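Below is one structure, written out as structure tokens; the observations come after it.
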Amino acid sequence: MKYSEVKNYINGQFVDTDSTRKLDVISPIDGKLLSVVPMSSSKDLDSAVMAASKAFPSWHKTPIKERVQVFYRYKSLLEKHLQELAELCSEENGKTIGESIAEVEKSVELSEFACSLPQLVTGEVLEVSRGVECRTEHVALGVVASIVPFNFPSMVPNWTLPNAIALGNCMIMKPSEKVPLSVGKLAELLKEAGLPDGVFNVVHGDVEIVEAICDHPDIQAVSFVGSTKVAKIVYKRATSNYKRCLALGGAKNHLIVLPDAKPDMTAQNVAASMSGCAGQRCMASSAMVGVGNVDHIIDKICDEARKIIPGKNLGPVINKVSKDRIEKYITEAEAQGAKILVDGRNTTVEGKEKGTYVGPTVIDYVRPDMSVATEEIFGPVISIMRTNTVDEALAIENANPYGNAASVFTQNGGMARYVIDHASAGMIGVNIGVPVPREPFSFGGWNDSKFGVGDITGKSSIEFWTKLKKSTTKWNPEAGVNWMS
């Protein structure tokens, strides 16, 4: 075992749990044992909530200009430890080092945005009548929770923790039991940056802890990132306990490719979008709709896919269960009449035979009713459907229950605008395979890709992590009593 046993992080200390349930943390790169993670109990969560509750009065009364100083230092520490964090991310998730570095760099940007919050939450004041002022201010909620997934061990935790904490909340974070190591390192850096004990806490576990978070009476808000199936459960359970909840689910992102698209640029973007992070991201393109004759572009997509080599510029999927599930989708599509142009099944990497690799896979002549066309595969697989018109392509995109992202590849500005206006997704790209907004623009989809109001990052997140206090004051008795008073 390369690392010591994972521990919870409560009140500024790494602590043991009484739970006897533990899971092995296995690297998908080579199948080696990295660590062991405890499946905490509700008692462990109670301890974390108690620590956060004790820290909250002092923390939220600290002026925001002082609170964000922690994140100036935290940002610098992320940059200082970038290589270490990237290597840890790569080990436990399987990403290539380049992808892991990009993930940490995005974490830096997210922290940088948190440092700008004092300029964004200044509130408003207006003299609404002679001598009468109305004022608004953003107030922290209290103890909040963030449940994060396996596919971005560093970035997704930083979607929530800098903004929520800088705005005055105290947080409980539940990492994925598949990748528990990176969040522990983030906790160390936050402490080094000067974050007071109890403001950020980490409780490891599985469904028991997720349910306990949704039910805990002293947790005011819950954010979740994961599959749509679980997002619906979390949203329903948390809101039934009168909590705020923002739950991000899965996706089936469609790339609409027109014949006039730039072939090389389109092929490179499509291949990178479907295979980046081994396709294990909710912004991956897993469905392409070709409009008219796009055979010349599909040929180039296949050429680009063949340049993606498992173990070199393509990492493994998270575990064998995922590998088997992804390959089953491919086999099923082939049996249903689709044509496998590039086949990533039965992939092994020399010297890493226990790694869980799936090679890049391009499937053509997919029908819209096939499972590979409608379900989230979460692997380096793209399914190509064909239509005669843009409206037919949009009908396929609109019919899918998800709504994270959609992109169009064309050199026709009017056609691009038409797709932007008619695609049913929260994030749209034009000649971009992964249309993720950069800060301060927020991340969030539509439909079955998101449950709750607002987005999880950027300016939109301010409304989720705070409540608005309105005050009206009057100091001029000579004005007498009127309808304002």
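The values are calculated or read from the model by the stated rules, or taken from the named source; none is laboratory data. Nothing here was measured: the structure is a model prediction, and the numbers come from that model. Virtual Cβ from ideal backbone geometry, glycine too; neighbours counted across all protein chains shown.
Identify the residue in region 26-69 that is polar (S, T, N, Q) and part of a helix (DSSP H, G or I) and, among all such residues, is modelled with the lowest pLDDT.
Among residues in region 26-69 that are polar (S, T, N, Q) and part of a helix (DSSP H, G or I), the one modelled with the lowest pLDDT is Ser42.
Mind counting the residues in region 369-406 that are under 19 Å from the mean Cα position of the chain (by Cα) and in a strand (DSSP E or B)?
Final tally of qualifying residues: 2.
Please pick out the residue among Gly131, Gly184, Gly168, Gly142 that is modelled with pLDDT under 95 and among the small types (Gly, Ala, Ser).
Going through Gly131, Gly184, Gly168, Gly142 in turn, just one is modelled with pLDDT under 95 and among the small types (Gly, Ala, Ser): Gly131.
Do the conditions hold for Pro149, that is, is it modelled with pLDDT of 95 or more, surrounded by fewer than 24 Cβ atoms within 10 Å (Cβ to Cβ) and in contact with a strand residue (DSSP E or B) (Cβ under 7 Å, 6 or more places away or on another chain)?
Considered against the rule, which asks whether it is modelled with pLDDT of 95 or more, surrounded by fewer than 24 Cβ atoms within 10 Å (Cβ to Cβ) and in contact with a strand residue (DSSP E or B) (Cβ under 7 Å, 6 or more places away or on another chain), Pro149 comes out as yes.
Do you know which residues across region 212-243 are surrounded by fewer than 19 Cβ atoms within 10 Å (Cβ to Cβ), touching a Ser or Thr at 6+ places or on another chain (Cβ under 9 Å) and not in a helix (DSSP H, G or I)?
If the condition is that a residue be surrounded by fewer than 19 Cβ atoms within 10 Å (Cβ to Cβ), touching a Ser or Thr at 6+ places or on another chain (Cβ under 9 Å) and not in a helix (DSSP H, G or I), then Asp218 is the only one that fits.
Name every residue in region 104-135 that is in contact with a strand residue (DSSP E or B) (Cβ under 6 Å, 6 or more places away or on another chain) and assigned to a strand (DSSP E or B), in order of residue number.
Glu124, Val125, Leu126, Glu127, Val128, Val132, Glu133, Cys134, Arg135 - these are the residues of region 104-135 that are in contact with a strand residue (DSSP E or B) (Cβ under 6 Å, 6 or more places away or on another chain) and assigned to a strand (DSSP E or B).
State whether the residues of region 436-443 include one that is outside any loop (DSSP other than H, G, I, E, B) and either of a type in the set (A, V, I, L, M, F, W, C) or at pLDDT below 95 (or both).
Taking every residue of region 436-443 in turn, none turns out to be outside any loop (DSSP other than H, G, I, E, B) and either of a type in the set (A, V, I, L, M, F, W, C) or at pLDDT below 95 (or both).
Does region 270-306 hold any residues that are of a type in the set (A, V, I, L, M, F, W, C), in a helix (DSSP H, G or I) and within 29 Å of the chain's Cα centre (by Cα), and which are they?
Within region 270-306, Val270, Ala271, Ala272, Met274, Cys277, Ala278, Ile301, Cys302, Ala305 meet the criteria.
Looking only at region 400-409, decide whether some residue is in contact with a Phe, Trp or Tyr (Cβ under 8 Å, 6 or more places away or on another chain) and either surrounded by 13 or more Cβ atoms within 10 Å (Cβ to Cβ) or touching a residue at least 60 places away in the same chain (Cβ under 8 Å) (or both).
Yes, region 400-409 contains a residue that is in contact with a Phe, Trp or Tyr (Cβ under 8 Å, 6 or more places away or on another chain) and either surrounded by 13 or more Cβ atoms within 10 Å (Cβ to Cβ) or touching a residue at least 60 places away in the same chain (Cβ under 8 Å) (or both).
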